[in-house]
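The values are calculated or read from the model by the stated rules, or taken from the named source; none is laboratory data. Predicted, not measured: the structure shown is a model, and the values here were computed from it. All Cβ positions, glycine included, derive from the backbone under ideal geometry; neighbour counts span all protein chains shown. Just the protein is used for accessible areas: all its heavy atoms, side chains included, with ligands, DNA and RNA removed. Shrake-Rupley method; radii C 1.70, N 1.55, O 1.52, S 1.80 Å.
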Amino acid sequence: MTQARIPQDDKCNGWYQLLDKPASARRLNSCEDVDWLVIGAGFTGLAAARRVAEIRPGERVMVLDALRVGQGASGRNTGFVIDLPHKRDLEGNNVTRKQKLLALNRAAVSDLGELVTLHGIDCGWSLAGKYQGAVGERGLEYLDHFETLLKNFNYPYRRLERDALEPILGTRHYAAAIFTDNTALMQPAALVRGLAKTLPNNTELFEHTPVVDLSHSGGQWCATTPEGKIRATNLLLGSNIYSQEFGFLKHRVLPVMTFASMTRVLTDKEMALFPTGPHHFGLTPADHAGTTVRLTPDRRLIIRNQYRFVPRYHDDLAERLRIRQGHRDSFDIRYPTLSHVPFIATWGGACGLSRNYTAFFGKVGENAWMSGVHQSVGAARGTISGKLMAELATGQNSSQLADMLAVSGTPALNPPQPFLSLGVKARMKHAAWASRAEL
Ligand SMILES: Cc1cc2nc3c(=O)[nH]c(=O)nc-3n(C[C@H](O)[C@H](O)[C@H](O)COP(=O)(O)OP(=O)(O)OC[C@H]3O[C@@H](n4cnc5c(N)ncnc54)[C@H](O)[C@@H]3O)c2cc1C
């Protein structure tokens, strides 16, 4: 048996560090028979588990995660739940497809918002909208292009120039930005922990329980973990990029890591930089290789940028000093008067891209379904596709499900190594160089 490579996320996730220490993890140490096995407790797996448990209240649903909930990518992102289709999708000519993507993402924003309210999940959830910001000439070109795409799609927006942005963003660094209002912002580790805690009663969650081997025989899925075994009739894969370890979407995924740093809480005096703006905001870069910035409701600034190709899903931790210095430079150029404010955490997280920018949703084998490779916007897409994966697997029929099937495809096959690594690394290096003014 070849052991599957399992997630090895670092222990540095700033969002996770802000949460109360959780009770000890429940680990699987027995052999169990279940109706539904869900691998992965991120946005996708949790949404799938919730929905299948609702549809089949008399059946046993088991969720396994290699880590604690909130330690994977779903708990270490920058907390944007974005309604707009990804830029590549927005660029397409098929208006109906774009409308479907928008409606699906909006359903995710609304589903998550309802769960947050229903269960009182304390994750700073706010429909604050988002700014798409440009610093220099290159960023402005991207921003103009984005504006044209929004106009053509009849999507309402507001464009703001430097003077108007300064009191909101607390910096004169941005030449212009476009504000769109249907994005939710949240604390991702708190959100996924809240979602996991409120799963229906017929769902059991085991953490620190990696699936190291998965096989199918006699009409049953058999998952081996370090101390247990599960036999399951049905399998739902919310394990994203790691699903290729079990042979699904093999050689079709590009595991890419991106990084964030978070400051301590700003003082009242430091908050004077944001005199008239809302006291929190989220800004994504017009040039995708640029920098994401957030001011959180609890007054922390967050910087996210830089990418690494991580075929083994994790990076070299020694590299972090360089990453953090890059974040420091991006921070200081935006907030020179806050250069004394330290970062309390710098972390990385691996997410999935594909060469043709296509996410996967559908059946992958007998009684097995998967949704993943969300092109780095999995908060919305993981949530809605996880729910619909459960509907697909239980034979439901809905226009939302038909739309999800219509907008999904198959990630393109990668070239073999070493050409893959060489090609991706060269492309990333070039993008980072070309976009250096936007960093
Ligand atoms: C720094 C950063 C910023 C980002 N910002 C945003 C953002 O603002 N908005 C947005 O939409 N997206 C953002 N993303 C991307 C987003 O986090 C992902 O798209 C999303 O988390 C994917 O969700 P998922 O549930 O499909 O997969 P994941 O979150 O990757 O969850 C997969 C789970 O499966 C588990 N697993 C894998 N293999 C096994 C195994 N063998 N056994 C048991 N468990 C296993 C993992 O431990 C993990 O918990 C960002 C990502 C990063 C790293």
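Out of the residues in the stretch 79-94 that are more than 14 Å from the ligand (Cβ to nearest atom) and closer than 21 Å to residue 400 by Cβ, which is surrounded by the most Cβ atoms within 10 Å (Cβ to Cβ)? Looking at the filtered set, the residue picked out is 90.
Going residue by residue through the stretch 100-119, is there one that turns out to be part of a helix (DSSP H, G or I), in contact with a helix residue (DSSP H, G or I) (Cβ under 8 Å, 6 or more places away or on another chain) and of a type in the set (Asp, Glu)? Yes, that holds for at least one residue. For the stretch 406-427, check the following and say yes or no: at least one residue is part of a helix (DSSP H, G or I), away from the ligand (no atom under 15 Å from the Cβ) and under 20 Å from the mean Cα position of the chain (by Cα). Yes. For the stretch 209-218, a residue qualifies if it is in a strand (DSSP E or B) and more than 11 Å from the ligand (Cβ to nearest atom), and the qualifying residues are 215, 216, 217.
Residues in the stretch 242-276 that are hydroxyl-bearing (Ser, Thr, Tyr) and within 11 Å of the ligand (Cβ to nearest atom): 242, 243, 258, 261. At least 1 residues being touching a residue at least 40 places away in the same chain (Cβ under 8 Å) and touching a helix residue (DSSP H, G or I) at 6+ places or on another chain (Cβ under 6 Å) is the threshold, and among the strands (runs of 3 or more DSSP E) wholly inside the stretch 219-306 those reaching it are 228-237, 254-263, 281-285.
What pairs come out if I take residues in the stretch 310-328 that are free of Cβ contacts under 8 Å to residues at least 40 places away in the same chain and of a type in the set (Lys, Arg) and pair them with residues that are open to solvent by 80 Å² or more (accessible area, probe 1.4 Å) and part of a helix (DSSP H, G or I) whose C-beta lies under 9 Å away, six or more apart or interchain? Here the result reads none, with nothing in the stretch 310-328 linked to a residue that is open to solvent by 80 Å² or more (accessible area, probe 1.4 Å) and part of a helix (DSSP H, G or I). Picking from residues in the stretch 355-377 that are away from the ligand (no atom under 14 Å from the Cβ), open to solvent by 10 Å² or more (accessible area, probe 1.4 Å) and assigned to a strand (DSSP E or B), the one that is nearest to residue 110 (Cα to Cα) is 363. Just one of (1) within 16 Å of the ligand (Cβ to nearest atom); (2) open to solvent by less than 50 Å² (accessible area, probe 1.4 Å); (3) not in a helix (DSSP H, G or I) fails for residue 194. It is (3). Selection of the stretch 6-31 for residues being more than 15 Å from the ligand (Cβ to nearest atom) and either part of a strand (DSSP E or B) or buried (at least 19 other Cβ atoms within 10 Å of the Cβ) (or both) yields only 31.
Here residue 352 fulfils each of the conditions (1) modelled with pLDDT under 95; (2) open to solvent by 10 Å² or more (accessible area, probe 1.4 Å); (3) within 12 Å of the ligand (Cβ to nearest atom) apart from (2). Picking from residues in the stretch 311-350 that are in a helix (DSSP H, G or I) and more than 20 Å from residue 290 (Cα to Cα), the one that is farthest from the chain's Cα centre (by Cα) is 337.
Only one of the numbered conditions (1) open to solvent by 10 Å² or more (accessible area, probe 1.4 Å); (2) within 21 Å of residue 388 (Cα to Cα); (3) of a type outside the set (S, T, N, Q) is violated by residue 49, and that is (1). Does any residue of the stretch 268-285 turn out to be modelled with pLDDT of 95 or more, touching a strand residue (DSSP E or B) at 6+ places or on another chain (Cβ under 8 Å) and of a type in the set (Ser, Thr, Tyr)? Yes: one or more hits.
Residue 396 falls short on exactly one of the conditions (1) in a helix (DSSP H, G or I); (2) of a type in the set (S, T, N, Q); (3) at pLDDT 95 or above, and that condition is (1). A single member of 76, 138, 97 is open to solvent by less than 20 Å² (accessible area, probe 1.4 Å) and basic (Lys, Arg), and it is 76. Across the stretch 228-241, which residue is farthest from residue 386 (Cα to Cα) among those that are within 13 Å of the ligand (Cβ to nearest atom) and over 20 Å from the mean Cα position of the chain (by Cα)? In this case the residue turns out to be 228.
Here's a check for you: in the stretch 165-191, which residue that is within 16 Å of the ligand (Cβ to nearest atom) and in a loop (DSSP other than H, G, I, E, B) is surrounded by the most Cβ atoms within 10 Å (Cβ to Cβ)?
That would be 186.
Any residue at all in the stretch 378-399 that's more than 16 Å from the ligand (Cβ to nearest atom), in contact with a His (Cβ under 9 Å, 6 or more places away or on another chain) and not hydroxyl-bearing (Ser, Thr, Tyr)? Looking for residues that are more than 16 Å from the ligand (Cβ to nearest atom), in contact with a His (Cβ under 9 Å, 6 or more places away or on another chain) and not hydroxyl-bearing (Ser, Thr, Tyr), one finds none in the stretch 378-399, hence no.
When the stretch 35-62 is filtered for residues that are in a strand (DSSP E or B) and either among the aromatic types (Phe, Trp, Tyr) or more than 9 Å from the ligand (Cβ to nearest atom) (or both), the ones remaining, listed by number, are 35, 36, 37, 38, 61, 62. Picking from residues in the stretch 296-345 that are within 13 Å of the ligand (Cβ to nearest atom) and among the aromatic types (Phe, Trp, Tyr), the one that is farthest from residue 187 (Cα to Cα) is 313. The single residue among 273, 338 that is aliphatic (A, V, I, L, M) and open to solvent by 30 Å² or more (accessible area, probe 1.4 Å) turns out to be 273.
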